[in-house]
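The values are calculated or read from the model by the stated rules, or taken from the named source; none is laboratory data. All values reported here derive from a predicted model rather than from experimental measurement. In this analysis, Cβ positions are derived from the backbone assuming ideal geometry, glycine residues included, and neighbour counts consider all displayed protein chains. Note: areas computed on protein heavy atoms with side chains; ligands, DNA, RNA excluded. Shrake-Rupley method; radii C 1.70, N 1.55, O 1.52, S 1.80 Å.
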Amino acid sequence: MLEQLSSVFFDEANELLDNLEEQLLALSDNNGDPETIAAVFRAMHTIKGSSAMFGFNEISTFTHEAESAMDQVRNGVIPVTPELIDLLLKARDHIRSLLDAGAEVSEEVHKSSEALILEFKVYVQSHGGNATETASSVKKIEPKKADENTATWRIKFRPSSTIMQNGTRPELLIKELTELGTATVVPFYNDLPVLSEMDSELCYFSWDVILTTTKTKNDIEDVFIFLDSESKIEVEKIDLLPGENNKIGEILVSRKDVSQDDVDEMLRAKKQLGLMLVEKKIVSEEQVRSALAEQQHLKSLSPNGQVQNQAAAATLRISSLKLDQLVDLVGELVTFNARLDQEAIKTDNVTFKNLSEQCDRIAVMMRDISMGLRMVPVGTLFQKFKRTVHDLSTQLGKRVEMVMVGSETELDKTVIEKLNDPLLHLVRNSVDHGVELPEDRIAAGKNPVGTVTLAAKHAGAFINISIKDDGKGLDKNAIREKAIQKKLISPDDNLSDSEIFSLIFQPGFSTAKQVTSVSGRGVGLDVVKKDLGTLGGTVTTESEPGKGTTFLLKIPLTMAIIDGMLVTIGTVTYIVPLNTISECISSTITKEQMDDDFIVTTNHGKDLKSVNLRKFFKITDPLPDHQEIVSVYDGDEVYGLVVDKILGSQQTVIKPLGNLYGNCTGINSSTILGDGSVALILDIFQLTSMIKNSERANEH
């Protein structure tokens with residue numbers, strides 16, 4: 001049990017640290033925002049308390065110092081400066097290191113803790129603060145509330161036993177009370193007698209109500225305006241902070257149910273406080289139950305006194321491994337259903353066919369739900385690079401801000417995980433090679449602060465991601481000269497701009513004059529191209545001198561299950577991703593044309609250039625009477641794929657190719673058909689790129 005709780009602590013602490021980095025970077029943009037300051041403080045406070053609870057004293061001691069500094073920031077004692085932001089970011093990274101170390105902290109890590117604690121004390125003292133001042137000794141200043149009139153009230157309703165005899169219905173009073181705001185109702189029924197002794201005209205109940213509302217005390221008391229003289233009502237404002245981890249002892253003292261001395265005495269016994277107080281008959285079980293309800297009510301409120309989104313309580317944290325297993329099982333179901341469908345066609349049994357169709361519908365629904373569970377906003381990935389841009393620009397003496405567009409666009413989590421390294425290289429390249437130094441930007445008539453924009457948008461079953469900077473752009477001549485020097489091209493080659501720009505993705509290619517800790521070794525962009533290739537994606541480059549550079553990535557939304565169109569060439573079956581298909585065409589291609597690598601036909605009054613897959617894959621089986629064309633859209637233009645026959649669509653479980661087949665042009669991955677045979681999934685981007693290259697070659 002302890003191991004499970006400890007695992008939850010590590011998960012929540014890591015999540016808090018991820019959010020903390022985001023909050024600190026937001027604070028660097030708006031250093032006076034009280035809500036962000038309070039959020040940073042609460043994150044530190046929670047990590048400190050939780051780590052102490054689980055015995056991670058090194059984390060608790062270190063985090064206490066950062067928390068104390070943030071507490072003085074909350075109260076306006078010390079300012080938020082870039083120096084403090086950098087210090088807090090270092091503290092955040094160090095806490096992560098301490099979490100990784102666990103209970104066994106090395107002497108080196110311990111010395112790092114002491115050094116950072118000293119830095120915090122020096123900063124606080126040098127900015128007029130008190131380095132020994134703790135979070136508990138400073139009067140707390142709350143951030144501005146969303147509604148200044150919102151307050152939480154404690155209402156004790158003790159109706160007389162004869163209240164119902166004059167026509168008053170106490171349960172309706174409680175109902176009216178709950179309609180004033182957000183309420184937690186605690187009923188008390190200890191005075192309820194056994195059924196044989198119960199009098200239906202008497203009231204045996206009483207209630208405590210915790211109410212968060214914008215109404216005043218007078219409004220609450222007006223609910224009970226016609227109460228009889230023997231009934232009692234107490235309305236008291238709660239001064240405890242919403243959203244905080246209020247201790248049960250603090251609540252009981254606030255309610256005046258116990259004294260602080262009684263609480264301190266029980267705490268020294270190191271036993272469960274509520275149970276001890278009941279055993280000692282200091283409070284009743286009802287009072288403890290009401291205090292616990294009040295604690296839960298306050299915890300459910302946000303720090304600004306508003307009710308938190310209840311949807312969050314309905315979420316469930318699930319291991320990503322279990323999600324992967326679920327998708328794998330759905331993939332097996334899809335493969336089984338394909339086999340079932342084939343058997344139904346062979347037997348030509350109506351009942352069998354109906355069952356197959358029903359199974360197919362269920363498999364599609366399960367596929368969509370399971371894939372939806374793995375879809376996460378790409379903003380979770382983009383957010384990581386804010387820290388990269390912040391640290392790298394500081395290191396290089398540049399001023400760069402990062403802008404995110406379309407961060408709500410969703411992508412399969414497995415794809416997002418594999419996108420981290422390629423995007424990291426591209427972002428670093430934009431900051432290092434793209435954005436100029438402030439003085440150079442001013443001389444060029446630009447804003448001294450450069451911008452790197454990460455944007456994402458859906459394009460069918462693909463996602464387009466762009467990394468754009470407003471820097472000096474790529475130097476075509478420098479790239480060309482370097483390529484000639486490395487013998488990648490000859491001096492006589494006549495290359496287009498896009499072909500020149502694509503050279504930067506060659507292994508070991510770099511135009512940097514000197515090697516630094518950031519760049520110059522030619523390692524990075526070749527990795528980008530390789531990693532995107534494993535995802536079935538592509539990368540292209542656009543650049544304009546003095547205006548900046550844009551890297552365009554096209555990536556499939558998922559790498560698990562897709563809808564595919566089965567086509568045959570000779571006796572071989574291939575899969576074309578259904579989301580790329582524009583239409584299927586019955587062509588009139590002649591046998592003479594089938595000798596060419598690329599074939600031009602007319603479709604809707606326009607030329608349609610197609611790749612002859614029979615020639616491309618060197619298939620020598622006899623030609624059928626006529627060919628068919630699958631027209632596909634690659635995000636830019638419509639092109640054609642010449643095949644022998646189009647069989648129809650089916651769900652396709654993507655299976656990766658082995659290393660031996662990793663560099664096969666035109667092939668993305670594979671799948672298993674219903675009869676157990678293997679079909680190859682075509683790489684539409686590579687095939688259409690071949691057509692584009694042939695067009696450019698003809699132009700030259």
Residues located in region 620-638, provided they are under 18 Å from Thr601 (Cα atoms) and open to solvent by 20 Å² or more (accessible area, probe 1.4 Å): Asp625, His626, Glu628, Tyr633, Glu637, Val638
Residues being open to solvent by 40 Å² or more (accessible area, probe 1.4 Å) and either modelled with pLDDT of 85 or more or of a type in the set (Asp, Glu) (or both) - total across region 354-368: 10
Filter result (touching a residue at least 40 places away in the same chain (Cβ under 8 Å) and among the hydrophobic types (A, V, I, L, M, F, W, C)) within region 327-351: Val327, Val330, Val334, Ala338, Leu340
Matching residues, region 369-383, being open to solvent by 30 Å² or more (accessible area, probe 1.4 Å) and under 14 Å from Leu557 (Cα atoms): Gly372, Leu373, Met375, Val376, Pro377
Filtered residues of region 417-426 (kept if hydrophobic (A, V, I, L, M, F, W, C) and out of contact with any strand residue (DSSP E or B) (no Cβ under 6 Å at 6 or more places or on another chain)): Leu419, Leu423, Leu424
Residues located in region 315-339, provided they are at pLDDT 85 or above and either of a type in the set (Ser, Thr, Tyr) or in contact with a Leu (Cβ under 9 Å, 6 or more places away or on another chain) (or both): Leu326
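Against the condition at pLDDT 75 or above, surrounded by fewer than 19 Cβ atoms within 10 Å (Cβ to Cβ) and out of contact with any Cys (no Cβ under 7 Å at 6 or more places or on another chain), how does Lys271 come out, does it pass?
On the way: at pLDDT 75 or above: no; surrounded by fewer than 19 Cβ atoms within 10 Å (Cβ to Cβ): yes; out of contact with any Cys (no Cβ under 7 Å at 6 or more places or on another chain): yes.
No.
Which residue out of Val405, Val389 is surrounded by fewer than 18 Cβ atoms within 10 Å (Cβ to Cβ) and either within 13 Å of Gly450 (Cα to Cα) or touching a residue at least 40 places away in the same chain (Cβ under 8 Å) (or both)? If you could, list the steps in order and put the result at the bottom.
Details: Val389 fails: surrounded by fewer than 18 Cβ atoms within 10 Å (Cβ to Cβ).
Being surrounded by fewer than 18 Cβ atoms within 10 Å (Cβ to Cβ) and either within 13 Å of Gly450 (Cα to Cα) or touching a residue at least 40 places away in the same chain (Cβ under 8 Å) (or both) holds for just one of Val405, Val389, which is Val405.
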Hits in region 559-583 (condition: out of contact with any Leu (no Cβ under 7 Å at 6 or more places or on another chain), in a strand (DSSP E or B) and surrounded by fewer than 22 Cβ atoms within 10 Å (Cβ to Cβ)): Val572, Ile581, Ser582, Glu583
Condition met for Leu392 (at pLDDT 85 or above and under 29 Å from Ser694 (Cβ atoms)): no
Any hit, region 676-691, residues being open to solvent by 70 Å² or more (accessible area, probe 1.4 Å) and under 20 Å from Ile561 (Cα atoms): yes
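Every residue, every condition in (1) within 18 Å of Val539 (Cα to Cα); (2) open to solvent by less than 30 Å² (accessible area, probe 1.4 Å); (3) part of a helix (DSSP H, G or I), yes or no:
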| position | (1), (2), (3) |
| --- | --- |
| Val415 | yes, yes, yes |
| Asn420 | yes, no, yes |
| Val427 | yes, yes, yes |
| Val431 | no, yes, yes |
| Ala456 | yes, yes, no |
| Leu474 | yes, no, no |
| Ala478 | no, no, yes |
Long-range neighbours under 6 Å by Cβ, at least six apart or interchain, first residue within 12 Å of Leu89 (Cβ to Cβ) within region 13-28, second open to solvent by 40 Å² or more (accessible area, probe 1.4 Å) and among the small types (Gly, Ala, Ser): none
Hits in region 625-667 - residues which are under 15 Å from Met565 (Cβ atoms) and in a loop (DSSP other than H, G, I, E, B): Asp644, Ile654
Residue check, Lys476 of a type in the set (D, E, K, R), modelled with pLDDT under 80, more than 27 Å from the chain's Cα centre (by Cα) and over 25 Å from Thr409 (Cβ atoms): no
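Yes/no matrix, rows are residues, columns are (1) without any contact (Cβ under 8 Å) to a residue 60 or more places away in the chain; (2) touching a His at 6+ places or on another chain (Cβ under 9 Å); (3) open to solvent by less than 20 Å² (accessible area, probe 1.4 Å):
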site: Ser68; (1), (2), (3): no, no, yes
site: Asp71; (1), (2), (3): no, yes, yes
site: Asn75; (1), (2), (3): no, no, no
site: Leu87; (1), (2), (3): yes, no, yes
site: Asp100; (1), (2), (3): yes, no, no
site: Ser113; (1), (2), (3): yes, yes, yes
site: Leu118; (1), (2), (3): yes, no, no
site: Lys121; (1), (2), (3): yes, no, no
site: Val124; (1), (2), (3): yes, no, yes
Which numbered condition Leu641 fails, given (1) open to solvent by 20 Å² or more (accessible area, probe 1.4 Å); (2) closer than 25 Å to Ile589 by Cα; (3) not charged (D, E, K, R): (1)
Those residues of region 434-454 which are surrounded by fewer than 22 Cβ atoms within 10 Å (Cβ to Cβ) and outside any loop (DSSP other than H, G, I, E, B), in sequence order: Pro438, Glu439, Asp440, Arg441, Ile442, Ala443, Thr451, Thr453
Number of positions in region 600-619 that are open to solvent by 90 Å² or more (accessible area, probe 1.4 Å) and either in contact (Cβ under 8 Å) with a residue 40 or more places away in the chain or assigned to a strand (DSSP E or B) (or both): 3
